[in-house]
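The values are calculated or read from the model by the stated rules, or taken from the named source; none is laboratory data. In this text, all values refer to a predicted model and were calculated from it rather than measured experimentally. Using ideal geometry, Cβ is built from the backbone for each residue, glycine included, and neighbour counts are taken over all protein chains shown. Just the protein is used for accessible areas: all its heavy atoms, side chains included, with ligands, DNA and RNA removed. Shrake-Rupley method; radii C 1.70, N 1.55, O 1.52, S 1.80 Å.
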Amino acid sequence: METSSAPGKVYLFGEHAVVYGEPAVPCAIQRRATVSVEERADERIRVEADDLSLDGFTVTYGEDPDEADVDVPGALVEAATGYVDGAVEQAREAGGAPDAGFNVEISSEIPLGAGLGSSAAVVVAGIDAATRELGVELSAEELAERAYRVEHDVQEGQASRADTFCSAVGGAVRVEGDDCRRVRDVPELPFVVGYDGGAGDTGELVAGVRARRDRYGFAADTVSAIGDLVRQGTRALRDEDIAQVGELMDFNHGLLSALGVSSRSLEAMVWAARDAGATGAKLTGAGGGGCIVALDETTSTRHALEYTPGCEAAFRAELDPEGVRRV
Ligand code: MEV
């Protein structure tokens, strides 16, 4: 049996716009998905997944996701099983073992579908563990590429490389189309995450932005404006100008909100963070529900979030310099 873990992430800037070739800066955080894989004697795949949310719900399914014993929306389970199936397919291809069967066990500290990159982390860790089980070692870059293909398929061609690259290599990264690289020497980023206990449907949210962008020139301009903001934000990051990084996070949130991907609970958490003195606050990931990320080196934002109606959990999240690793 082989076990690997990979980190989740927050978006400092640039989600959604990155799907259209604009730059984005996701940052890996010290919350991981862990996947154990054992080859079976037959061709079947059995997946067991526990604790896919902070408060822990359980998803257990065999071959048929419809028969999953689960207390989360069916669409999320279907997406989760799609990611695992995709990871297995990639491992079979990389390992030259098209008929290999596996027992897969997943545990995760990253809430599912909440904007913290749970699916990318599961796919990256899953491909790494399954290929090693087949006796093949892939580089972080190759894992990122294969994990991207899985996300691309599950999200019906509407995925960027941001989540998967960030989870595979760790740290802060900058992704612009196919150009993915680590951002070196980032200053201390005191992330605070607020989680509303919910989740958005990434495929649907990405499709919604695409529809608005196709329909309205000003929505397309909003997507380009996020790209400009990310370029400015990358400079602010290099200059260690945290005040400006925060200001641009606030701006980025406003543009995402204009594109229709915020929600009442995300707004409540963003404003609670700002009122508590956070340097900046925005939704992270696809939106529609899930998580916000704020910058605050004090405990004020976390405490304020804990008392915000609609916020189910709030926690400090340290940047994780390490990507996928063997456990
Ligand atoms: C989802 O975590 C981030 C999006 O930008 C989609 C993607 O980049 O694949 C909304």
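How far apart, in nanometres, would the label points at ARG184 and TRP271 be if each is projected 7 angstrom from Cα along the Cα-to-Cβ direction?
My value for the distance between the label points is 4.4 nm.
Roughly to the nearest percent, how much of the accessible area of the chain is carbon and sulfur, given a 1.4 Å probe?
Carbon-and-sulfur percentage of accessible area, whole number: 43.
In whole Å, what is the distance between the alpha-carbon centres of segment 238-253 and segment 102-129?
A separation of 29 Å, based on Cα centres.
Find which of VAL206, LEU12, LEU248 sits farthest along the positive direction of the dipole of the chain, computed with +1 on the beta-carbon of Lys and Arg, -1 on that of Asp and Glu, about the Cα centre.
Checking the options against the dipole of the chain, the answer is LEU248.
Would you work out if segment 191-316 is rounded, prolate or oblate? Take a ≥ b ≥ c from the square roots of the eigenvalues of the alpha-carbon gyration tensor; rounded if a/c is under 1.5, else prolate when a/b is larger than b/c, oblate otherwise.
The shape class here is oblate.
If R₀ is 25 angstrom, what is the calculated FRET efficiency for the pair ARG235 and ALA258, using the beta carbon separation as r and rounding to 0.05?
0.60
Magnitude of the Cβ-charge dipole of the chain, K/R +1 and D/E -1, about the Cα centre, nearest 20 debye?
Here the chain has a charge dipole of around 1160 debye.
Over the C-alpha atoms of the chain, what are the Rg and the largest Cα-to-Cα span, Dmax, in Å?
Every Cα atom of the chain included, Rg and Dmax give 18.7, 57 Å.
Add -39500 (n - 2.57) for each DSSP H run of 4 or more in the chain, then divide by its residues: what number comes out at 222 nm, to the nearest 500 deg cm²/dmol?
On the way: 9 runs with 132 residues, N = 327.
When only DSSP H runs of four or more count, the value is -13000 deg cm²/dmol.
Going highest first, how would you order 39-48, 143-152 by mean Cβ packing within 10 Å?
Peptide ranking by packing, descending: 143-152, 39-48.
Please list THR222, THR301 from largest to smallest accessible area, probe radius 1.4 Å, with all protein chains kept in place.
From most accessible down to least: THR222, THR301.
May I ask for the distance between the Cα centers of segment 136-205 and segment 298-327, given as a whole number of Å?
So the separation of the two Cα centres works out to 18 Å.
Classify segment 110-246 from the C-alpha gyration tensor, please: rounded if a/c falls under 1.5, else prolate or oblate depending on whether a/b exceeds b/c.
Values: a/c = 1.68, a/b = 1.22, b/c = 1.38.
In terms of gyration-tensor shape, oblate.
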